[in-house]
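J.: Below is the structure I would like to discuss, written out as structure tokens.
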Amino acid sequence: MRKLFEFACGAALAVTVLGGQIAHAQTSMDDPLRDSYYENLTGKKVVFVPVFMGLDLTEGWSKIMDTQAKDLGYSYEVRNSNFNTSAGAQTITSLISEKPDVIVVQNPDVQSYAKLLQQAEKAGIHVIQLNMKTNYQTTGFVGADVELIGEKQAEAAVEKCAGGSQPGKILVLAGPPTSPFSAYMLKGYENVLNGNAGVQIVSVQSTGDYESSKAKSITQVVLQQHPDLCAILGVWDNADVGTAAALQEAGKADQVFLTTSGGGGELACKGLREKQWQYYVSYDVPGQGRDLNDLILAALQDKNPVGSTRTVLYTPLVTYTPETLGDEKCWTLDTLR
């Protein structure tokens, strides 16, 4: 027993010594990329030109960009165009002279800013387009595959409305006619609905600048014309609050299937839980913000001529129904990091 004890003690000592040798053999090392990473960001400037602040989308994106800028030590600011395309164009013109390192822009339509964005890149400014793009591809684009959103919404409406003795009637509520978001979504609707004998599109109307009051009034008129309306395809949750209100006031909230989309904020979950809409496609603002920040960092570190690389990041979509929402919580500004 004594020899066994002596052997055990010797083994423990050997392990201790060996452990000490391993620890002694380890050395610290500088990360060769770390210093240059932070140096490349020092003194850099990013400017966000949204269509309009005060929305869950723009406030969410901005908070995520601002948080990264503060964490990493570069400058970030917002130049709000307040739904005024001329003011936005003047802002971008001024920024071309000021020469920030990156401009993040949410385009009001396909054409208005296109030439200015080309000029900005020729002046050496990286341009990242956010969720609404022009026909000109810049350094980067982060946003939803809007055509796919349209297809998902249309497929949900077909599942609800097709198969009856008469084609199911569908109302389409679009955004501004020149909006890329609205145009691409309509293309997605067409991909699914055109030639489908099980459904009938009774009206396609614009809600203006995504106006809730206009969505409500259009819905009220169409319900009078088509009391047997089966579904409504809405372009955005903020506008479709008005659509849902019209259905509730007409006593048709349980009869008419409403599908909409948005960034997945608390309004999305509220609408689903209160049965304002029955199918929701989220383009996930927190995920978009992460992708956007990654593109900003890549642009700030890019040593090649502006325009040498062009990156498109379509953010993954998430679909919700009242039945599948469960306990999942939609984001709020307080929960964004």
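J.: Determine the distance separating the Cα centre of segment 267-337 from the Cα centre of segment 143-201; give it in Å without decimals.
T.: Centre-to-centre (Cα) distance: 22 Å.
J.: Taking GluC sites (Glu not before Pro) as exposed when DSSP calls them loop (any state but H, G, I, E, B) and at most 12 other Cβ atoms lie within 10 Å, what is the longest stretch of the chain free of them, the sites themselves excluded?
T.: Longest site-free region, per DSSP loop and neighbour criteria: 1-273.
J.: What are the DSSP H helices in the chain that stretch 15 Å or more along their long axis, judged by alpha-carbon atoms, and whose average Kyte-Doolittle hydropathy comes to at least -0.5?
T.: Span-like helices in the chain: 2-25, 85-98, 146-161, 180-193, 212-225, 237-249, 285-301.
J.: Under the rule of -39500 (n - 2.57) per DSSP H run of 4 or more residues, summed and divided by the residues of the chain, what mean residue ellipticity at 222 nm is obtained, to the nearest 500 deg cm²/dmol? Mind showing how you got there, number by number?
T.: Working: 12 runs with 158 residues, N = 337.
Computed mean residue ellipticity for the chain: -15000 deg cm²/dmol.
J.: In the chain, what % of DSSP beta bridges are antiparallel (nearest 5)?
T.: Numbers: 3 of 41 bridges.
Among the beta bridges of the chain, antiparallel pairing accounts for roughly 5 percent.
J.: Throw me the Rg/Rh for segment 71-199, computed over C-alpha atoms with Kirkwood Rh, two decimals.
T.: Here the Rg-to-Rh quotient is 1.14.
J.: Then there is this: Return a whole-number percent for the relative contact order of segment 230-337, with Cα pairs under 8 Å and 6 or more residues apart as the contact set.
T.: Answer for segment 230-337 is 28 percent.
J.: For the pairs Lys216/Lys275; Lys45/Lys133; Lys63/Lys275; Lys169/Lys252, note any where the Cα-Cα span goes beyond 18 Å.
T.: Details: Lys216/Lys275 16 Å; Lys45/Lys133 22 Å; Lys63/Lys275 29 Å; Lys169/Lys252 14 Å.
Those over the limit are Lys45/Lys133; Lys63/Lys275.
J.: A further question on this structure: Note down, for the chain, the three equivalent ellipsoid semi-axes (square root of 5 times each alpha carbon gyration tensor eigenvalue), biggest first, whole angstrom.
T.: Numbers: eigenvalues 459, 195, 53 Å².
Three semi-axes, in Å: 48, 31, 16.
J.: To the nearest 20 debye, what charge dipole does the chain have about its Cα centre, counting +1 at the Cβ of each Lys and Arg and -1 at the Cβ of each Asp and Glu?
T.: Approximately 300 debye in magnitude.
J.: Follow-up. Give, rounded to the nearest 20 debye, the magnitude of the charge dipole that segment 146-282 has about its Cα centre when Lys and Arg contribute +1 at Cβ and Asp and Glu contribute -1 at Cβ.
T.: 160
J.: Still on this structure, please answer the following. Under a point spin-label approximation (7 Å from Cα along Cα-to-Cβ), what is the Gln90-Gln255 distance to one decimal in nm?
T.: Placing both labels 7 Å along Cα→Cβ, they lie 4.9 nm apart.
J.: Restricting to Cα pairs below 8 Å that are 6+ residues apart, what does the relative contact order work out to for segment 146-282? Please round to a whole percent.
T.: Dividing the mean separation by the residue count of segment 146-282 yields 26 percent.
J.: Would you kindly calculate the translational diffusion coefficient of segment 146-282, applying Stokes-Einstein with the Kirkwood radius from alpha carbon pairs, for 37 °C and a viscosity of 0.692 mPa s, and quote it in µm² s⁻¹ without decimals? Walk me through the intermediate numbers first.
T.: Values: Rh = 14.3 Å.
D = 229 µm²/s.
J.: Moving on to the next point. Quick one, what does Rg over Rh come out to for segment 201-337 if you take C-alpha atoms and the Kirkwood Rh?
T.: Numbers: Rg = 18.5 Å, Rh = 16.8 Å.
On the Cα set of segment 201-337, Rg over Rh gives 1.10.
J.: Just want to confirm a number: the relative contact order over the chain, from Cα pairs under 8 angstrom separated by 6+ residues, in percent.
T.: The normalised contact order for the chain reaches 18 percent.
Every number in this text was worked out from the coordinates using simple rules, so none of it is lab data. Here the structure is a predicted model, which means the values were calculated and not measured. Note: ideal-geometry Cβ built from the backbone for every residue, glycine included; neighbour counts use all protein chains shown.
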